[in-house]
1. For segment 13-57, give me each residue that is modelled with pLDDT of 85 or more, of a type outside the set (A, V, I, L, M, F, W, C) and part of a loop (DSSP other than H, G, I, E, B).
2. Can you give me the number of residues within segment 136-194 that are of a type outside the set (A, V, I, L, M, F, W, C) and closer than 21 Å to I116 by Cβ?
3. Just to be sure, is A100 at pLDDT 90 or above and under 17 Å from Q164 (Cα atoms)?
4. Out of segment 187-231, which residues are of a type in the set (G, A, S) and within 22 Å of the chain's Cα centre (by Cα)?
5. Show the residue pairs that are 6+ apart or on different chains and have beta-carbon atoms under 9 Å apart, the first residue being within segment 267-278 and surrounded by fewer than 16 Cβ atoms within 10 Å (Cβ to Cβ) and outside any helix (DSSP H, G or I), the second being basic (K, R) and at pLDDT 90 or above.
6. Of all residues in segment 146-161, how many are over 20 Å from the mean Cα position of the chain (by Cα) and either assigned to a loop (DSSP other than H, G, I, E, B) or touching a residue at least 60 places away in the same chain (Cβ under 8 Å) (or both)?
7. Within segment 224-263, track down each residue that is part of a helix (DSSP H, G or I), of a type in the set (G, A, S) and within 23 Å of T208 (Cβ to Cβ).
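The values are calculated or read from the model by the stated rules, or taken from the named source; none is laboratory data. Note that the coordinates shown come from a computational prediction; the quantities given were computed from them, not determined experimentally. No Cβ is skipped: glycine too gets one built from the backbone with ideal geometry, and neighbour counts run over all protein chains shown.
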Amino acid sequence: MGQKKYLFALQIIRQMFEFLIPVSCTFFILFFIPGKSRKYCAIAAWISIIGAFISGLPTWMEESNIMYPVMAVLSIPFLFITIHLLFRENEAVLNLTRAAGVAFIIYAPFAFITEIGNFLISLVVLQTTIVLELFQYPVDIVLWNTFQHGFFRVEIILACTGIQAIAIMLGVAAAVPTTIKQKIQAFLLIAPVIYILNLFRNAGVIMTYTSQMFSWLPDISGSSEYGFSSFFWAHNIFAEGIALVFLIILAYSLFRLIPALGEFAASLVGTYEKEIRKIFGKDK
C-alpha cells in the first residue's frame, strides 16, 4: 500500500513538472511584451520554473544525481530574493529574466514539439555512433535511441543532446545588448562547440558504462541495479564535472567576447550579495 502511494505521489509530481514548464515558458515570452505587467509576468515565470525545478527532485534522487538536487535547494532562497528585486524593477534581475526568456524560446520547440525533439535525438544518436566508430568501440542500436554493448544499454534522451546547455549559454549572451557581429560570434562560440563536445561526452559515458570501466570504484549510487555504479561515476560524476568545468571556460570566453556581460555579472552578483547581507543583518 505504501509503495502504491509513493508511485501515485511520484506520478503527480511528474505531471506537475510537465504542467509548470509550458506555463513558465508562456510567462517568459509574455515578459518581452512592453508594459507595466512585465514584472508580474517575470515573477510568475520564475515561480513556475523554480516550482518545476523543485518537482524534479524525486526523479533526480532516483537517478542518484548530485548536482541538480543541490541546485534545487539553493533555488528556493534565490526565488524569494528575485521576486523582491523584480517588484523593485531591478535592472540586473530584469536582464537575467531576459536571458532566461531567450533560453526558453530556444529550448521550447525541442521540448514541446515531439517531432522536433525526436529529430534532434535521432541526429545525436547517428553522430554519437560515428564518434564511437572513431574509437573503434562496437555497439548495437537496439531501439531508435538506445545503444547496447554486451549486457548494458544507454538511452539517448533530449537531455543528452546538449540543447539545454546551448539554450542557456545563448540566453546569457542575450542578457545585454550586442552588435550583429557579437551575436554571430557568440553563436559560433556556443552552439557548434557545445554540440560537438556533447557527442564525445555521450560516447565517453557509453564506453565507460557499458564496459563497466568504473566498477572498481565504491558504489555510492544507492541503486540496487546491477552495474549502475559504473554509470553513476561515468555520467553523474565525471561527465557532469567535466561539463561544468567546460561551461565555466566557455562563459569566460563569452565574457571576453562581450565585455558588457562582465559588468552585468558583477552587477547581478553584487545585487544578490547585498540582499543576502540584508537577510542576515550584515548590510551596512
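1. Within segment 13-57, P34, S37 qualify.
2. Of the residues in segment 136-194, the ones of a type outside the set (A, V, I, L, M, F, W, C) are 136-138, 140, 145-146, 148-150, 153, 155, 161-162, 164, 171, 177-179, 181-183, 185, 192.
Checking which are closer than 21 Å to I116 by Cβ leaves us with 145-146, 155, 161-162, 164, 171, 192.
Total meeting the criteria: 8.
3. yes
4. Initial filter on segment 187-231 (of a type in the set (G, A, S)): 191, 203-204, 211, 215, 221-224, 227, 229-230.
Of everything in segment 187-231, those that are of a type in the set (G, A, S) and within 22 Å of the chain's Cα centre (by Cα) turn out to be A191, A203, G204, S221.
5. From residues that are surrounded by fewer than 16 Cβ atoms within 10 Å (Cβ to Cβ) and outside any helix (DSSP H, G or I), there are no pairs.
6. Total meeting the criteria: 6.
7. Initial filter on segment 224-263 (part of a helix (DSSP H, G or I)): 228-257, 259-263.
Now restrict to residues that are of a type in the set (G, A, S): 229-230, 234, 239, 241, 243, 251, 253, 260, 262.
Passing the criteria: S229, S230, A234, A239, G241, A243.
One line per residue, one yes/no per condition, for (1) at pLDDT 95 or above; (2) surrounded by fewer than 16 Cβ atoms within 10 Å (Cβ to Cβ); (3) touching a helix residue (DSSP H, G or I) at 6+ places or on another chain (Cβ under 9 Å); (4) assigned to a helix (DSSP H, G or I):
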position	(1), (2), (3), (4)
A165	no, no, yes, yes
V176	no, no, yes, no
Q182	no, no, yes, yes
Y195	yes, no, yes, yes
